[in-house]
Amino acid sequence: MPDHPEHRYRKEITNRLARIEGHVRAVKDMAAGGRDCPEILLQMAAVQKALDGTAKLLLKDHLGSCVVDAVRHGNEKKVLDDLNKALNNYIR
């Protein structure tokens, strides 16, 4: 058995983050190029929505792998404490 449970969506999460990275770079170029503020804000909202969707997928991955694995091996308190801490930092 591996030390860490399998993360089913890790490749998809990585791909989404790469697309978001490119999108952020494009928004930066828009700002540097003097594009209108409403256009930049619209693109920033799209980036935020993409980040939120990726975070949701990461949470789904974590629940389906780490949390399930922790319950199976009696480590649920630590994993749930870590998850609560991460959620408190993410959702403010």
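The numbers here are math on the coordinates, done by the rules we state, and not lab data. Since the model is a prediction, treat every value here as computed from it, not as a measurement.
Against the empirical 2.2 N^0.38 Å (N residues), the chain has a Cα radius of gyration ratio of 1.42.
List the lysines whose Cα sits under 22 Å from the Cα of Lys11, skipping any in the same chain fewer than 8 residues away. Once the sequence-local lysines are set aside, what remains near Lys11 is Lys49, Lys56, Lys60. Extension gain for Lys49 to Asn75 (0.36 nm times residue separation, less C-alpha to C-alpha distance): 6.1 nm. The sum of -39500 (n - 2.57) across all DSSP H runs of n ≥ 4, divided by the residue count of the chain, sets its helix-only mean residue ellipticity at 222 nm to -25500 deg cm²/dmol.
Averaging the sequence gap over all C-alpha pairs within less than 8 Å and six or more residues apart, then dividing by the number of residues, gives the chain a relative contact order of 38 percent.
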